[in-house]
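What follows is one structure encoded as structure tokens, with my remarks underneath.
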Amino acid sequence: MPSPLDGLPVALGVSGSIAAYKAVDLASKLTQAGALVDVVMTSSAQKFVTPLSFQSITHRPVTSDPFDPQTEMGIDHVAVAERAGIVVVAPATANTIAKMAHGLADDALSVMLLATAAPVIVCPAMDGNMYANSATQYNLGTLKDRGITIAGPAVGRMASGLVGAGRLIEVREIIGHMSVVLGRSGDLAGRKIVVSAGGTQEPIDPVRFISNRSSGKMGYAIAEAARDRGAAVTIVAAPGALADPVGVQVVHVETAMEMQNAVVAASEDVDALIMAAAVADWRPRDSADQKLKTGKAVSSELQLEKTSDIVAGVSREGLVKVGFAAETEDLESNAQGKLAKKGLDLIVANDVSAEGSGFGSNTNEVVLIDADGGRETPGLLPKYEVGHRILDKVRGYLK
Ligand code: C5P
């Protein structure tokens, strides 16, 4: 399944904030994802960045003057508004937000915003006091009541030097909000899915632990794919360097036991549990309160005990269960064994020693084996795509 942005006409409204330079990066990322980005700028936005900056990146005309006969808006003043599959205003200033709230249409951006029937995401960026002002808050409330998504602002250091709420959210987050909005009508809308991700850490003492090479990328990719298809998603995440995706609830855990408690709690009323996490099978029997002295207790005498099998222990009528088998040999026979033993509907067999597969990579080559004897080999794909293939199977099992 391609990215929801692939081939999508996006209207990107840019108003006059210093954060306008970040909209150039946003336009670039959207274009790279295959979107057809029509940029519409206010005149103050052009004091910060030029139409040419956007045009060079989107390879499409930029609208800044509604009466310019050389632009599409000069010929058909609502063409961009009507073509857009989604509208994003980033950065959205207090002034642009006020105009939207009151339905003004006195420049190219406000005309487009009034004329569009597409879903709109507004990403505020302004001085902290302007954001906190009750006029701005009232206007944002009005937009929210109309079904417009208000994304941000972030808290941090602003151009004035003050620290507070008023920063434009990150480009990654803006695209995340777009994915949530675009996913609302997806084939998993109304479904709830729990995904576990990453490698658990089992403490030996306060500074040492036993873990594995799992990066969490596969689990996060499944979660993002499920979100993009409209599911309500919870990730139970072992420690890792991945940022929490927008529109997904993330429960952070460290140990197998914490993961078990979080998965059991999160799975209570869900449709599917996808255990992409590499859960430790063994943990140190005792974890020292103080750092152990080198050469003394951290030795061959480390005593281990078995963790309990999380996915095998969660079972409920109608719950779809997916497990992973990360193997370095006898891939399919090991996976078959785990499928049966853990009571799974589907197992994702993963040769983690193969080129481009497994831990840390952005791609994966898996074999999907289901409880009815079905077998699929999607080939080497980006992990996000692999996530979609797994979800295609999950959707088939849902009641
Ligand atoms: O570690 P193993 O190869 O048995 O893992 C196979 C599947 O079982 C994975 O989906 C993993 O998340 C899950 N698992 C679990 N609880 C454990 C160990 C593994 O749910 N303690």
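The values are calculated or read from the model by the stated rules, or taken from the named source; none is laboratory data. These numbers come from a predicted model, not from an experiment. All Cβ positions, even for glycine, are placed from backbone atoms using ideal geometry, and neighbour counts span all protein chains on display. Please note that ligands, DNA and RNA were not included when accessible areas were found on the heavy atoms of the full protein model with its side chains. Shrake-Rupley method; radii C 1.70, N 1.55, O 1.52, S 1.80 Å.
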Subset of region 205-218 that is assigned to a strand (DSSP E or B) and open to solvent by 20 Å² or more (accessible area, probe 1.4 Å) - its residue that is nearest to Thr307 (Cα to Cα): Ile210
Residue among Leu368, Leu302, Leu344 that is in the same structural domain as Val279 (by TED's automatic domain parsing) and either open to solvent by 60 Å² or more (accessible area, probe 1.4 Å) or more than 16 Å from the ligand (Cβ to nearest atom) (or both): Leu302
Residue check, Gly356 surrounded by fewer than 18 Cβ atoms within 10 Å (Cβ to Cβ), of a type outside the set (Phe, Trp, Tyr) and in contact with a Leu (Cβ under 6 Å, 6 or more places away or on another chain): yes
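If a residue has to be polar (S, T, N, Q) and free of Cβ contacts under 8 Å to residues at least 60 places away in the same chain to count, how many in region 171-191 make the cut? Explain how you work it out, then say what you get.
As a first pass, look at region 171-191 and keep what is polar (S, T, N, Q): 179, 185.
Applying the additional criterion that residues be free of Cβ contacts under 8 Å to residues at least 60 places away in the same chain yields 185.
The total comes to 1.
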Residue in region 151-165 that is closer than 26 Å to Ala262 by Cα and either touching a Lys or Arg at 6+ places or on another chain (Cβ under 8 Å) or of a type outside the set (A, V, I, L, M, F, W, C) (or both) present: no
Verdict on Gly373 being open to solvent by less than 40 Å² (accessible area, probe 1.4 Å), over 21 Å from Val279 (Cα atoms), in the same structural domain as Ala277 (by TED's automatic domain parsing) and more than 16 Å from the ligand (Cβ to nearest atom): no
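Condition check: over 23 Å from the mean Cα position of the chain (by Cα), surrounded by 15 or more Cβ atoms within 10 Å (Cβ to Cβ) and of a type in the set (S, T, N, Q). Does Gln336 satisfy that?
yes
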Which numbered condition Ala225 fails, given (1) farther than 30 Å from Asp286 by Cβ; (2) outside any helix (DSSP H, G or I); (3) touching a helix residue (DSSP H, G or I) at 6+ places or on another chain (Cβ under 9 Å): (2)
Search result, residues across region 230-251 that are over 23 Å from Leu182 (Cα atoms), open to solvent by 30 Å² or more (accessible area, probe 1.4 Å) and assigned to a strand (DSSP E or B): Val251
Candidate set: region 112-170, residues that are of a type in the set (Gly, Ala, Ser) and free of Cβ contacts under 8 Å to residues at least 24 places away in the same chain; chosen: the one farthest from Ala81 (Cα to Cα): Gly161
Region 376-399: number of residues that are farther than 15 Å from Val195 by Cβ and open to solvent by 40 Å² or more (accessible area, probe 1.4 Å): 8
Members of region 23-34 found to be small (Gly, Ala, Ser) and open to solvent by less than 10 Å² (accessible area, probe 1.4 Å), listed by number: Ala23, Ala27
Hey, Ser287 modelled with pLDDT under 95 and surrounded by 14 or more Cβ atoms within 10 Å (Cβ to Cβ) or not: yes
From the options Ser53, Ser110, residue that is more than 27 Å from the chain's Cα centre (by Cα), surrounded by fewer than 22 Cβ atoms within 10 Å (Cβ to Cβ) and of a type in the set (Ser, Thr, Tyr): Ser53
Filter result (open to solvent by less than 20 Å² (accessible area, probe 1.4 Å) and of a type in the set (S, T, N, Q)) within region 117-152: Thr136, Asn139
Meets criteria (in contact with a Lys or Arg (Cβ under 7 Å, 6 or more places away or on another chain), β-branched (Val, Ile, Thr) and under 15 Å from Ala272 (Cα atoms)) for Val367: no
Test: residue in region 193-212 that is in the same structural domain as Ile274 (by TED's automatic domain parsing), within 18 Å of the chain's Cα centre (by Cα) and basic (Lys, Arg): no
Odd one out for Asp271 among (1) modelled with pLDDT of 95 or more; (2) within 15 Å of the ligand (Cβ to nearest atom); (3) acidic (Asp, Glu): (2)
Count - residues of region 307-340 that are more than 8 Å from the ligand (Cβ to nearest atom), of a type in the set (Lys, Arg) and over 22 Å from Asp269 (Cβ atoms): 0
